[in-house]
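Following: one structure in structure tokens, then a few remarks.
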Amino acid sequence: MRKKLIAGNWKMNGLTHDGISLAKDLANLYKASDNPIFDMFIAPPFTLLSNVLEVVKESGVWVGAQDCSMYDAGAHTGDVSPIMLKDLGCGGVIVGHSERRADHGETNEIVKAKAEAALKAGLGVIICVGETLRERETGKTLNVVKEQLQKSIPTETTAGRVVIAYEPVWAIGTGKTPTKNDVQEVHASMRHVLADVVGAEIAQNIRLLYGGSVKPNNAKDLLTLPDVDGALVGGASLKVNDFWAIAQAVM
Ligand code: PEP
């Protein structure tokens with residue numbers, strides 16, 4: 001039985017006051033819900049991690065970063081290592097988001113190195129994959145996602161510490177989503193690919209999130225698909241009511 005995971009990627013949004021208030025509201029809701037049947041993860045920008053960790057402590061909400069270095073320490077100006085995140089109290093990190101792949105030239109090999117460094121530091125990791133619109137329109141989706149998975153999954157993958165997020169690039173921030181059938185097709189295919197890469201048991205237990213314009217009004221349709229184990233939410237994770245409504249769709 002895979003426990004659903006509702007993850008929020010705040011991206012480059014939030015100043016101190018609003019970030020603390022959003023985290024506090026979420027933590028209160030999560031804490032007050034009796035034995036929630038879903039895990040909740042939020043990834044604020046680096047600048048808010050300390051504050052948010054403080055505010056959500058003992059609520060059960062899991063906090064992490066949106067990226068990390070593949071290195072532990074050293075001459076890498078501007079980067080933040082997974083060891084530093086762990087030291088701060090983070091539980092996990094997102095790697096391979098399409099905005100990192102596009103804006104910072106992150107290849108599958110870099111994503112894999114980052115994921116391996118994060119696992120070595122004791123963090124959980126959410127690895128993002130997904131096709132562009134052109135790849136979707138030319139029928140390449142399953143192959144693109146397969147190659148991303150094969151090349152970016154850490155050798156030491158376990159179902160407890162690694163989560164995969166399928167995020168079609170064309171669905172992020174656009175209000176467009178694939179059909180339910182398309183999402184289920186990709187997720188089922190990812191589980192199949194994972195069985196080859198990390199073995200059938202891990203593939204069966206690993207959580208596969210869908211991300212890309214998840215909103216309260218489409219969350220139920222997406223989150224009740226058999227191979228969808230949660231959501232990675234961008235824009236809607238910045239509004240407590242929307243994010244909480246999405247989480248409620250797992251019930
Ligand atoms: C994301 O940034 O991972 C994302 C899915 O964004 P949005 O929900 O805004 O499409």
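The values are calculated or read from the model by the stated rules, or taken from the named source; none is laboratory data. Since the structure is predicted, the reported quantities are computational estimates derived from the model, not experimental observations. Positions of Cβ are backbone-derived with ideal geometry, glycine not excepted, and every protein chain shown enters the neighbour counts.
Considering only residues in the stretch 161-180 that are in a loop (DSSP other than H, G, I, E, B) and basic (Lys, Arg), the one that is nearest to the ligand (Cβ to nearest atom) turns out to be Lys176.
Pick from Glu135, Glu131, Glu147: which is without any contact (Cβ under 8 Å) to a residue 40 or more places away in the chain, closer than 26 Å to Lys4 by Cβ and away from the ligand (no atom under 13 Å from the Cβ)? The conditions single out Glu131. For the stretch 225-243: of the residues being over 15 Å from Leu5 (Cβ atoms) and away from the ligand (no atom under 13 Å from the Cβ), which is surrounded by the most Cβ atoms within 10 Å (Cβ to Cβ)? Out of the qualifying residues, it is Val240. Could you list, in sequence order, the residues of the stretch 181-210 that are under 14 Å from the mean Cα position of the chain (by Cα) and away from the ligand (no atom under 16 Å from the Cβ)? Matches in the stretch 181-210: Ile206 only.
Of the residues that sit in the stretch 1-28 and are among the aliphatic types (A, V, I, L, M) and within 22 Å of Tyr210 (Cβ to Cβ), which one is surrounded by the fewest Cβ atoms within 10 Å (Cβ to Cβ)?
Looking at the filtered set, the residue picked out is Met1.
Picking from residues in the stretch 32-47 that are buried (at least 16 other Cβ atoms within 10 Å of the Cβ) and more than 18 Å from the chain's Cα centre (by Cα), the one that is nearest to Val162 (Cα to Cα) is Pro36.
Filtering the stretch 64-111 down to residues that are basic (Lys, Arg) and within 14 Å of the ligand (Cβ to nearest atom), which residue is surrounded by the fewest Cβ atoms within 10 Å (Cβ to Cβ)?
Start the filter on the stretch 64-111 by keeping residues that are basic (Lys, Arg), which leaves 86, 100-101.
This time we only want the ones that are within 14 Å of the ligand (Cβ to nearest atom), so: 100-101.
On the way: Arg100: 18, Arg101: 21.
Among those that are basic (Lys, Arg) and within 14 Å of the ligand (Cβ to nearest atom), it is Arg100.
Listed conditions (1) surrounded by 15 or more Cβ atoms within 10 Å (Cβ to Cβ); (2) farther than 14 Å from Ala231 by Cα are all met by Asp196, apart from (1). Do we find that Gly139 is surrounded by 20 or more Cβ atoms within 10 Å (Cβ to Cβ) and not hydrophobic (A, V, I, L, M, F, W, C) in this structure? No; evaluated as a whole, the condition is false for this residue.
Just wondering, is there one or more residues in the stretch 76-99 that are of a type outside the set (Lys, Arg), out of contact with any strand residue (DSSP E or B) (no Cβ under 8 Å at 6 or more places or on another chain) and at pLDDT below 95? Before you say what the answer is, go through the steps one by one.
So in the stretch 76-99, the residues of a type outside the set (Lys, Arg) come out as 76-85, 87-99.
Within this subset, residues satisfying the condition of being out of contact with any strand residue (DSSP E or B) (no Cβ under 8 Å at 6 or more places or on another chain) are 76-79, 81, 83-84, 87-88, 99.
Remaining after also requiring at pLDDT below 95: none.
No, the stretch 76-99 contains no residue that is of a type outside the set (Lys, Arg), out of contact with any strand residue (DSSP E or B) (no Cβ under 8 Å at 6 or more places or on another chain) and at pLDDT below 95.
Among the residues examined, Ser213 qualifies as within 13 Å of the ligand (Cβ to nearest atom), crowded, with 18+ Cβ neighbours inside 10 Å, of a type in the set (Gly, Ala, Ser) and without any contact (Cβ under 8 Å) to a residue 60 or more places away in the chain. Checked against (1) in contact with a Lys or Arg (Cβ under 7 Å, 6 or more places away or on another chain); (2) in contact (Cβ under 8 Å) with a residue 40 or more places away in the chain; (3) outside any loop (DSSP other than H, G, I, E, B), Cys68 passes all but a single condition, namely (3).
Output the number of residues of the stretch 140-160 satisfying the condition of being part of a helix (DSSP H, G or I) and of a type in the set (Lys, Arg).
Final tally of qualifying residues: 2.
The residue that is nearest to Lys114 (Cα to Cα), counting only those in the stretch 143-176 that are of a type in the set (Ser, Thr, Tyr) and crowded, with 20+ Cβ neighbours inside 10 Å, is Ser152. Has the stretch 13-20 got any residue that is at pLDDT below 95 and either out of contact with any helix residue (DSSP H, G or I) (no Cβ under 7 Å at 6 or more places or on another chain) or not in a helix (DSSP H, G or I) (or both)? No, that holds for no residue. Every condition in (1) at negative phi; (2) without any contact (Cβ under 8 Å) to a residue 12 or more places away in the chain holds for Gly105 except the one numbered (1).
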